[in-house]
Amino acid sequence: MASATVENYLKALYTLANEEGEINLSDLSIRLGVSKPTVNSMVKTLDQEGWVKYKKYKPLKLTIKGQKAAALIIRKHRLTEMYLVEKMGFGWEEVHDIAEQIEHIKAPQFFDRMDKLMSFPKVDPHGSPIPDKDGIVVDHNYKKLSECQTGDKLKIVALDHSSKEFLEFLDSREISLNLDLEVTSIEPFDHTMIIKYNGHPSETFSQKVCERLLVKHI
């Protein structure tokens, strides 16, 4: 049974993996906030235990065993976040740190019951897909708002980034999931967007904000 430290490494590896499933050791060090020698030592242990594939001077890769374990940790985290929002009234900006603690509980039936009580949600409060009990994730490949054009009518369906600071910014602008909006203009120089949505006839969104909002056309 994996320790909380191992689970944190697996989750970080899973979320950092590129399209080829590769992870840079330096990126892992930055994500976890620990030194490269410490990360290197732990990665060797993970390799010996069959969680990752490690070769000196090569990118890391999770094994099938590691991928499934990581996805199940993420399942527990996202189910917890959804439960805290849906059943306990927490704001979407409040739940991450609480879920970070609860995700290490070694009781699958606890999370299965949580799942059932919410009628089996497919996404967490930030629109991220919740892996199923087998660790399978359905990726919707939504567009970033920054990729859209003037006149597009869209619905916000997920976030590409869900830091507390960003969520608080969205709250201050009354922006939430399933919000309908329209791109009224785009500044050619810096790609700033002017957006219209319910009660807000003209809001300016920077390119940084637009890159973090995932949308679909309506």
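The values are calculated or read from the model by the stated rules, or taken from the named source; none is laboratory data. Computed from a predicted structure; not experimentally measured. All Cβ positions, even for glycine, are placed from backbone atoms using ideal geometry, and neighbour counts span all protein chains on display.
Observations on the structure shown:
- Subset of region 123-141 [assigned to a loop (DSSP other than H, G, I, E, B) and more than 19 Å from Phe90 (Cα to Cα)]: Pro131, Asp132, Lys133, Asp134, Gly135, Ile136, Val137, Val138, Asp139, His140, Asn141
- The residues on offer are Lys122, Lys133, and the sole one that is closer than 28 Å to Ala70 by Cβ, at pLDDT below 95 and basic (Lys, Arg) is Lys133.
- Set Gly135, Gly151, Gly127: member being under 14 Å from the mean Cα position of the chain (by Cα) and on the phi > 0 side of the Ramachandran plot: Gly127
- Scanning region 99-141 for residues that are over 19 Å from Val157 (Cα atoms) and crowded, with 16+ Cβ neighbours inside 10 Å gives Ala99, Ile102, Glu103, Phe111, Met114, Asp115, Gly135.
Rundown of residues vs (1) aliphatic (A, V, I, L, M); (2) touching a helix residue (DSSP H, G or I) at 6+ places or on another chain (Cβ under 9 Å), yes/no style:
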residue: Pro131; (1), (2): no, yes
residue: Tyr142; (1), (2): no, no
residue: Phe169; (1), (2): no, yes
residue: His191; (1), (2): no, yes
residue: Ile194; (1), (2): yes, no
residue: Leu213; (1), (2): yes, yes
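- Only one of Lys58, Lys116, Lys122, Lys68 that is in contact (Cβ under 8 Å) with a residue 40 or more places away in the chain and over 13 Å from the mean Cα position of the chain (by Cα): Lys68
- Number of residues in region 142-166 that are of a type outside the set (Lys, Arg), in contact with a strand residue (DSSP E or B) (Cβ under 8 Å, 6 or more places away or on another chain) and either part of a helix (DSSP H, G or I) or surrounded by 15 or more Cβ atoms within 10 Å (Cβ to Cβ) (or both) equals 12.
- Wholly within region 171-218, strands (runs of 3 or more DSSP E) carrying at least 2 residues that are of a type in the set (A, V, I, L, M, F, W, C), touching a strand residue (DSSP E or B) at 6+ places or on another chain (Cβ under 6 Å) and at negative phi: 180-186, 193-197, 213-217
- Consider region 13-42 and keep the residues that are surrounded by fewer than 20 Cβ atoms within 10 Å (Cβ to Cβ) and of a type in the set (A, V, I, L, M, F, W, C). The one that is nearest to Glu103 (Cα to Cα) is Leu32.
- Considering region 1-113, the qualifying helices (runs of 4 or more DSSP H), each wholly inside and each with 3 or more residues that are under 27 Å from Phe169 (Cβ atoms) and not hydrophobic (A, V, I, L, M, F, W, C), run over 4-16, 64-86, 96-102.
- Pair list, Cβ < 7 Å and 6+ apart or interchain, from region 197-216 residues that are within 18 Å of Lys143 (Cα to Cα) to residues that are part of a helix (DSSP H, G or I) and aromatic (Phe, Trp, Tyr): Arg212/Phe166
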